[in-house]
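J.: To start, I am sharing the structure in question, which I have written as structure tokens.
The values are calculated or read from the model by the stated rules, or taken from the named source; none is laboratory data. A quick note: this is a predicted structure, and the numbers were derived from the prediction, not measured. Here the Cβ positions follow ideal geometry from the backbone for every residue, glycine too, while neighbour counts run over all protein chains shown.
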Amino acid sequence: MRRWVVLAFLLVACSQTTGSPVAGATASPAQSAATPIPDLPLTNVDLSCRLPVIDSSNSGIDPPLFAGGFVTFPAAALAPDSAGGVRLGSNGDLTTEASPTLHNDRSALRGTPFYDRAQRRWVPASPSQSTPDGAFYAYATWDPSTPSRARVHIVNVGTATEKVFDVAVPDNAMGFTVADFDSQGVYLLANAFEQLPSGVWLMDATSGALRELVQVTFVEAVRGGYAWAARIDPRDPSPPQLRRSGTSSNSVVRVDLVTGAKTTWFYRPGLQVDTIGFDSRSRPIIQVSHPDGSGRSETWLVNDPGGDGSSLIYAGGLFIWEPQADGDRLWFGGGTSFRGTTGIYLYTQTHGLQKVFAFTQGKPDHVITPVGFCA
């Protein structure tokens, strides 16, 4: 099941607090936010590098569903890459325009394709579905006519060849999603209808042998030996209720994949809490929003359980999504609406969140997202 990008209205923080460390991540929105603003001013940054980005479209297969390019700094100029197209076929097959052709299934993609700098290729999978060296990625497919089986595809990026394993699907699951891929193997989550996946399995990438690691519900991500799960904390007298399908959650719990030990990492009573990514040290980036759709929300970089010393990345009138870790920097796609007003935002501890590129070439249904390191 596809993991949809979290896009939320946020509250504006006072300029003295935006991006600075905050002791205790349980402060109320009223304490950290003021009047919403439409956008941040465009800032010229003192960087000399090229940032890979994806122009994403919902307009079908022409132009490509995803078009890769590079934003060069300090000029903040976008240059499309002729080899960066990823098209969507009528059967849901995602394919690269560059040869040799790489494949994925649209339903198996978690987030956005990325630029594999080590292999110098645009890859139709997310970084979490790829090995750290970028040499391989994995995706899972499932046919409802044979619900007891799924197929896990291991793709060699250099040769565009696949190795496919048939694996057993747990009862009542809707196939698997690839959540992570490291030296231990491929981490799989069991899909559920209109909810986050449950359970974590590890598949050996050489033999296809499958074993269950932990049985935990509502898994948002797997990273560095842990599962990050959405939870309703029982201490909350009025937990959030989503207006549409999805998983209500007022907290994030980290689950050790070896011992099964659970640690509540972040809790905000009455509000919707979602893990949207990680920094380079595998610290979670968490978005807090009001489930009533009022647009009040915050984004935090959380250092440790309880949130002591955490950093408020932003609270304001923006959507920010798909964080891309890059050393001590975090890049975000973002904007003031879903349609045609997106750009690239850079977060650092020193300067907070800055708008560093305005995407003015997009059509109404396009957004732009950072998808790699700026080098």
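J.: Looking only at the stretch 219-233, which residues are in contact with a strand residue (DSSP E or B) (Cβ under 6 Å, 6 or more places away or on another chain) and either within 25 Å of P132 (Cα to Cα) or β-branched (V, I, T) (or both)? Even if it seems obvious, please write down each step before you answer.
T.: Of the stretch 219-233, the ones in contact with a strand residue (DSSP E or B) (Cβ under 6 Å, 6 or more places away or on another chain) are 219-223, 226-231, 233.
Hits for the stretch 219-233 are V219, E220, A221, V222, R223, Y226, A227, W228, A229.
J.: Read through the list (1) more than 16 Å from the chain's Cα centre (by Cα); (2) closer than 28 Å to R283 by Cα; (3) among the small types (G, A, S), then give the number of the only condition that A173 fails.
T.: Going through (1) more than 16 Å from the chain's Cα centre (by Cα); (2) closer than 28 Å to R283 by Cα; (3) among the small types (G, A, S) one by one, A173 breaks only (2).
J.: A further question follows. Please go through the stretch 103-135 and give me each residue that is buried (at least 20 other Cβ atoms within 10 Å of the Cβ), closer than 17 Å to S183 by Cα and of a type in the set (A, V, I, L, M, F, W, C), ordered by number.
T.: none
J.: Pick from the stretch 242-256 the residues that are modelled with pLDDT under 95 and among the small types (G, A, S): which of them is farthest from G199 (Cα to Cα)? Can you show your working first?
T.: Within the stretch 242-256, the first condition is being modelled with pLDDT under 95, and the residues that meet it are 242-248.
Pick out the ones that are also among the small types (G, A, S) and you get 245-246, 248.
Numbers: S245: 20, G246: 17, S248: 18 Å.
Going through the qualifying residues, I end up with S245.
J.: Would you mind finding the one in R106, R117 that is touching a Phe, Trp or Tyr at 6+ places or on another chain (Cβ under 7 Å) and among the basic types (K, R)?
T.: Numbers: R106 fails: touching a Phe, Trp or Tyr at 6+ places or on another chain (Cβ under 7 Å).
Matching residue, one of R106, R117: R117.
J.: Another question, if that's okay. Report yes if R211 is in a strand (DSSP E or B) and surrounded by fewer than 20 Cβ atoms within 10 Å (Cβ to Cβ), otherwise no.
T.: yes
J.: Moving on to the next point. I'd like to verify a number: residues in the stretch 192-208 that are free of Cβ contacts under 8 Å to residues at least 40 places away in the same chain, polar (S, T, N, Q) and either in a strand (DSSP E or B) or touching a helix residue (DSSP H, G or I) at 6+ places or on another chain (Cβ under 8 Å) (or both), how many?
T.: 1
J.: Does the stretch 170-188 include one or more residues that are in contact with a Gly (Cβ under 8 Å, 6 or more places away or on another chain) and either more than 28 Å from F278 (Cα to Cα) or hydroxyl-bearing (S, T, Y) (or both)?
T.: yes
J.: Working only within the stretch 148-166, note down all residues that are free of Cβ contacts under 8 Å to residues at least 40 places away in the same chain and outside any strand (DSSP E or B).
T.: Those that are free of Cβ contacts under 8 Å to residues at least 40 places away in the same chain and outside any strand (DSSP E or B): S148, G158.
J.: Return the residues of the stretch 49-68 that are in a strand (DSSP E or B), surrounded by fewer than 22 Cβ atoms within 10 Å (Cβ to Cβ) and either at pLDDT 90 or above or of a type in the set (D, E) (or both); say none if nothing qualifies.
T.: Residues of the stretch 49-68 that are in a strand (DSSP E or B), as a first pass: 49-57, 66-68.
Now drop any that are not surrounded by fewer than 22 Cβ atoms within 10 Å (Cβ to Cβ), which leaves 49-50, 57.
Across the stretch 49-68, the qualifying residues are C49, R50.
J.: Taking into account only those residues within the stretch 167-186 that are free of Cβ contacts under 8 Å to residues at least 40 places away in the same chain and not in a loop (DSSP other than H, G, I, E, B), which is surrounded by the most Cβ atoms within 10 Å (Cβ to Cβ)?
T.: F176
J.: Name the single residue that is surrounded by the most Cβ atoms within 10 Å (Cβ to Cβ) among those in the stretch 83-102 being at pLDDT 95 or above and among the hydroxyl-bearing types (S, T, Y).
T.: T96
J.: Additional query: Of T342, T263, which residue is under 23 Å from F73 (Cα atoms), among the hydroxyl-bearing types (S, T, Y) and in contact (Cβ under 8 Å) with a residue 24 or more places away in the chain? Show your work before the answer.
T.: Values: T263 fails: under 23 Å from F73 (Cα atoms).
Going through T342, T263 in turn, just one is under 23 Å from F73 (Cα atoms), among the hydroxyl-bearing types (S, T, Y) and in contact (Cβ under 8 Å) with a residue 24 or more places away in the chain: T342.
J.: Follow-up question, since we're still on this one. Which one is nearest to the chain's Cα centre (by Cα) among residues in the stretch 231-263 that are surrounded by 15 or more Cβ atoms within 10 Å (Cβ to Cβ) and assigned to a strand (DSSP E or B)? Give the steps one after another, and end with the answer.
T.: First, pick out the residues of the stretch 231-263 that are surrounded by 15 or more Cβ atoms within 10 Å (Cβ to Cβ): 231-233, 236, 239-240, 246-255, 257, 262.
With assigned to a strand (DSSP E or B) added as a condition, the list becomes 231, 251-255, 262.
Working: R231: 18, S251: 18, V252: 15, V253: 17, R254: 17, V255: 19, K262: 22 Å.
Taking the candidates together, the pick is V252.
J.: Which residue out of F218, F278 is within 18 Å of the chain's Cα centre (by Cα), more than 20 Å from Y137 (Cβ to Cβ) and of a type in the set (F, W, Y)? Step through it out loud before you land on a result.
T.: Numbers: F278 fails: more than 20 Å from Y137 (Cβ to Cβ).
Going through F218, F278 in turn, just one is within 18 Å of the chain's Cα centre (by Cα), more than 20 Å from Y137 (Cβ to Cβ) and of a type in the set (F, W, Y): F218.
J.: Quick one: which residue in A205, A227, A173 is more than 20 Å from P127 (Cβ to Cβ) and small (G, A, S)?
T.: The match here is A173.
J.: Which of the following residues is without any contact (Cβ under 8 Å) to a residue 12 or more places away in the chain and small (G, A, S): S126, S145? Before the answer, list the steps.
T.: On the way: S126 fails: without any contact (Cβ under 8 Å) to a residue 12 or more places away in the chain.
Just a single option satisfies the conditions, and that option is S145.
J.: Given the criteria in contact with a helix residue (DSSP H, G or I) (Cβ under 8 Å, 6 or more places away or on another chain), over 25 Å from I344 (Cα atoms) and at pLDDT 95 or above, does V222 qualify?
T.: Values: in contact with a helix residue (DSSP H, G or I) (Cβ under 8 Å, 6 or more places away or on another chain): yes; over 25 Å from I344 (Cα atoms): yes; at pLDDT 95 or above: yes.
The answer is yes for V222.
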